[in-house]
Structures are given as structure tokens and as C-alpha cells.
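Enquirer: The structure under discussion is supplied below as C-alpha cells; questions concerning it will follow.
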Amino acid sequence: MNIIQALRDAIGLDPTTRADPDMARVIEALKGLDGKPIESCTVEEARAQPTVADAASLVIQADGLSPEVPGVTTRDVTYAASTGDRAARIYMPEGDGPFPLVLYFRGGGFVIGNLDTYDATPRAMAARTRAIFVSADYAMAPEHKFPAPHDDAFAAYRWITEAAASLGGDPARIAIMGESAGGNLAANVAIDARDGDLPAPLAQILVYPLASSNLMQASDLQNANAKPLNVSMLTWFMDKLLAEAGDVKSPMLNLLSADLRELPPTTIINAGIDPLESDGEKLAKRMRDAGNVVTNTIYPGVTHEFFGLSAVVQAAVDAQEFAAARLREAFAAA
């Protein structure tokens, strides 16, 4: 064992003992599903492992709760991405449109996950904001190396700006949102819109975004062994994503080195038991230093992936409402 790993183990030993009771129940349920560590898996095995969504379903069943979100209907469509047709799911609120529209990118380290795994966030947020949420899938590594996921995200935003009216949305009220790897994609979409010929989103919501390839930050050490995301998993994801070693220095992955001027009002939400907490804090500072309006907050007793757990974790309810309020403000000002 090298010195760095020994330091991480000493500092980050069982960080989920800091979880609040709601979050702890989900983590215990996840442990009970006996999944293999992602970093020890082949890609095919990793994609078949139990997820936080699976664990939340067990807690929901145990408490006799309903996972349904009233007032939201869905339909699945496809859009023309850079890597071919990709799936997207439209979450439609009740009532008469046109509605504001939010393009959402899921997490999964650019390697695992799908629209079903990350169904809870856009479903709940569509109800809270009374906006159409469109969850756009994207190419995954290692079949499609960097920057293929980003190219698909750019194509998804172009599609949304062109198709907003036909989807029942208001083309003048479009925002973006992403979780984890999807938070990185959303931030890159805002940069691409600024530098290209597309209208800027009115706001962006970045939930525990990946913003740096530096795995020696404070939260990496403190939460090195956290669940459901740990530092070894981050290394595994990057190994699968990168086409060549130099890609790790790209400002698309290292957002802290990107040109962050003239971006839309930004909300960054982080979990306290998460290797990516430092990424979010540093990104908020860098964006403020570049002259942007940034709101950021950390929910200390929860882990990575908490945001979509509003059915069973109170902090997720609070975080979703916080994000929804920021979106409603942006839409009202348009």
C-alpha cells in the first residue's frame, strides 16, 4: 500500500458514519444488496451492480411509501446525437403550456447508469418547478471515449433549443441541470452556448459536479472510502473515459481551468460525504471570480447520489426545493 492510499484510508475510514439517519438507511440498504466494488468490476459487471435507486426502492417498500410523483407524465423519444440516435425522456407537468424547459443530464461517471437509474430527479423536479424536464442520455465510455459524451450533450442542447415549442415548452425559458458527470456536461453546455451560436440557458443547476481531475483535494482524502462514490471509483471511471493520457488536462474535464466568464446564474449543490465536495466548492469560487452569479450550498449529512432520494431523505427534499426555487426565479425574470 502506498503512502497516499494509507493517508486516505486513515482520514477517510468509514465516512458514512457521519450520515444522517435518512441517508444511513439508504446506505445500509445498498450494502445489503451485496454489490461488488465498481472499481473491481469489468464494465459489463459494473453496469449490472445494484444502485442507490435500488436501495431507495427497498426503503420505500419497507415504509409502505409510494414512489409515484403525482401530476407528472412521461414519454420516451430519441434525438440525433453526435454518436447516433440517443434516448431521451420527457417529464411533463400538469396544466396548459407552454412551460419552461430544463435539459437534464444524469450521472454515472460517463460509464454506467441510464435514464431509469436517474428517473427520480427529473420526475420530482418537474413537479416542483412546473417545468418540462428532458433527461437526455449520451454515449458512454469505454465504447465512446472522451469527448463523445460532451459532443452528445452539445447536440442535445441544440435539439432542445430547436424543438422546445414542439415539446410544449417556451423557447425563451430554457435552463440546464446535471448531476455528477452530468453536472460536468451541463457546465460544458453553458460554455459551448456562450462560445457558439446557441441561446444561453437562463440558469444552470450543478449537483455535485465533476470539475477537476485532482484526486488529492480535501474531500478526496476525507471521503476516500465513501459510499456510493469513492476515490478508487473516480480513478476507474477516468481510466475508461480517456482516449489518451493528455485528455485528463482538458478544461472540459478540468472545469477549474476552463474559461468561466459570462455564464448564466449558477446553483451548485454538494453533499458533505462525497469526494467531489471540493470540486463544487472550488468551482463556485472560480465562477464567482470570473464575474458570475453563483449560489452554492453543502448538505453535510448526506452522500453522493442523495439528490434524487426525496422519497426517503429529507435533505433531498430540501435540496430539490432549493434548486427548484432558483429555477423558478430565473423563469419568472425572463
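Enquirer: Confirm whether Ser257 is surrounded by 18 or more Cβ atoms within 10 Å (Cβ to Cβ) and more than 20 Å from Thr121 (Cα to Cα). Show your work before the answer.
Expert: Details: surrounded by 18 or more Cβ atoms within 10 Å (Cβ to Cβ): no; more than 20 Å from Thr121 (Cα to Cα): yes.
Criteria not met by Ser257.
Enquirer: Given the criterion within 29 Å of Ala200 (Cβ to Cβ), touching a Pro at 6+ places or on another chain (Cβ under 6 Å) and assigned to a loop (DSSP other than H, G, I, E, B), identify the matching residue among Pro264, Pro251.
Expert: Pro264
Enquirer: Within the group Ala311, Ala324, which residue is at pLDDT 95 or above, over 16 Å from the mean Cα position of the chain (by Cα) and not acidic (Asp, Glu)? Quick ask: steps written out before the conclusion?
Expert: Working: Ala324 fails: over 16 Å from the mean Cα position of the chain (by Cα).
So the residue among Ala311, Ala324 that is at pLDDT 95 or above, over 16 Å from the mean Cα position of the chain (by Cα) and not acidic (Asp, Glu) is Ala311.
Enquirer: Shifting gears a bit: Run down Leu234, Leu221 and say which single residue is farther than 18 Å from Ile90 by Cβ, within 21 Å of the chain's Cα centre (by Cα) and not aromatic (Phe, Trp, Tyr).
Expert: Values: Leu221 fails: within 21 Å of the chain's Cα centre (by Cα).
Within the list Leu234, Leu221, the selection yields Leu234.
Enquirer: Just to be sure I understand, how many residues within the range 271-297 are touching a helix residue (DSSP H, G or I) at 6+ places or on another chain (Cβ under 6 Å) and part of a loop (DSSP other than H, G, I, E, B)?
Expert: Residues flagged as touching a helix residue (DSSP H, G or I) at 6+ places or on another chain (Cβ under 6 Å) and part of a loop (DSSP other than H, G, I, E, B) within the range 271-297 amount to 1.
Enquirer: Return the residues of the range 234-289 that are among the charged types (D, E, K, R), in contact (Cβ under 8 Å) with a residue 60 or more places away in the chain and closer than 26 Å to Thr42 by Cβ; say none if nothing qualifies.
Expert: Within the range 234-289, Lys240, Asp247, Asp274 qualify.
Enquirer: Can Ser213 be described as out of contact with any Phe, Trp or Tyr (no Cβ under 6 Å at 6 or more places or on another chain), within 20 Å of Gly178 (Cβ to Cβ) and either free of Cβ contacts under 8 Å to residues at least 60 places away in the same chain or aromatic (Phe, Trp, Tyr) (or both)?
Expert: yes
Enquirer: Only one of Asp137, Asp152 is among the charged types (D, E, K, R), closer than 28 Å to Leu242 by Cα, surrounded by 21 or more Cβ atoms within 10 Å (Cβ to Cβ) and free of Cβ contacts under 8 Å to residues at least 60 places away in the same chain; which? Steps first, answer last, please.
Expert: Details: Asp152 fails: free of Cβ contacts under 8 Å to residues at least 60 places away in the same chain.
None of the other options fit; the residue is Asp137.
So that you can scan it fast, the table gives a plain yes or no per residue for (1) polar (S, T, N, Q); (2) surrounded by fewer than 24 Cβ atoms within 10 Å (Cβ to Cβ):
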site	(1), (2)
Ala186	no, no
Asp197	no, yes
Gln204	yes, no
Arg288	no, yes
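Enquirer: Can I ask one more? I want to confirm something. Restricting to the range 194-248 and keeping residues that are in contact with a Ser or Thr (Cβ under 6 Å, 6 or more places away or on another chain) and among the polar types (S, T, N, Q), which single residue is modelled with the lowest pLDDT?
Expert: Ranking the candidates gives Gln217 first.
The values are calculated or read from the model by the stated rules, or taken from the named source; none is laboratory data. This structure is a prediction, so every number in the text was calculated from the model and none was measured. Glycine gets a Cβ as well: all are built from the backbone with ideal geometry, and neighbour counts include every protein chain shown.
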